[in-house]
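See structure below.
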Amino acid sequence: MRAYAENQLVEQPAIDRAVLESRGWVSFTLPSPTQSDWREQLLTLVSGLGTPAATRSGGGLCDTLQPMEAEAAKPQSLSKVHAVGEFPLHIDTAHWLTPCRYVMLACVSPGSASRPTLLLDARLLPLNEHQSSLLHSTPLRVTNGRNSFFSSILSKARPFVRFDPGCMTATTTDGPKALAVLARHNWPDYIETVHWKTGTVLVMDNWRMLHGRGHADCPDSDRILLRISIL
């Protein structure tokens, strides 16, 4: 498991596109923010990648993410299922027909538990024939209200992985097997760990990088990340 501590992150005022394209993610630091001032700066940064979009209908362009109990969480969210625990690996906006291209996360506060974010590059996985068949051929129901649809996790007809156990459910006996292929415990040598400090910014290629919330040894409702989805 490869860890990327703060002193390994590149100090830079802009997104390194070459690193993002080659590695699938890039991380750097910005001056310690206040939420109100920093949101505008982050939106300016991502403008070179694409168009920011609201992750949820009626929402803003910059979401605030904090661990919360299930009863306070929004319906169909990972927090509703996992509350303050770990989040499984997933991409963001898997419930969209075409998921957002990039995701930016920025740390306002790492929280009392210093909980990390885990990354997995789906393109690097040495899938065997059976695993590849499950991911390409198994239909799963993608829940999105009246716009729900069926999809496999991988397809030769599209360039992105679609994976989120929070909104994708099994419809056949192979469904649970397909969802289990990308579980983090199956790929310990391919997991990368990002440790947050105030000012850390992470930009991910959402079409290939799965991410998940790590373990916390104590309550950390003071962990605050900002998120921007980019088309």
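Here the spin labels are modelled as points 7 Å beyond Cα on the Cα-Cβ line, and at H215 and N147 they lie 3.8 nm apart.
Within the accessible area of the stretch 110-190, the carbon and sulfur atoms contribute 52%, probe 1.4 Å, all protein chains present. About the centre of its Cα atoms, the stretch 141-203 shows a dipole size close to 240 debye [charges on the beta carbon of Lys, Arg (+1) and Asp, Glu (-1) only; nearest 20 debye]. Averaging over all projection directions, the Cα-based convex hull of the stretch 185-231 occupies 4.6 nm² in the image plane. Projected label points at Q41 and S137, each 7 Å from Cα along the beta carbon direction, are separated by 5.2 nanometres. Per-residue accessible area (protein heavy atoms, 1.4 Å probe) orders Y190, Y102 as Y190, Y102, starting from the largest.
Amide H contacts of N144 (H built 1.01 Å from N, in plane; Pro and chain starts excluded): F149 sit under 5 Å, all sequence-distant by 5 or more or on other chains. Distance between the pseudo-spin-label points of Q66 and L127 (7 Å out from Cα toward the beta carbon): 3.8 nm.
The values are calculated or read from the model by the stated rules, or taken from the named source; none is laboratory data. Bear in mind the structure is a predicted one, so any value in this text is a computation, not a measurement. Every residue, glycine as well, gets a Cβ built from its backbone with ideal geometry; the counts of neighbours run over all protein chains shown. When the accessible area is computed, the model is the full protein with side chains, heavy atoms only, and any ligands, DNA or RNA have been set aside. Shrake-Rupley method; radii C 1.70, N 1.55, O 1.52, S 1.80 Å.
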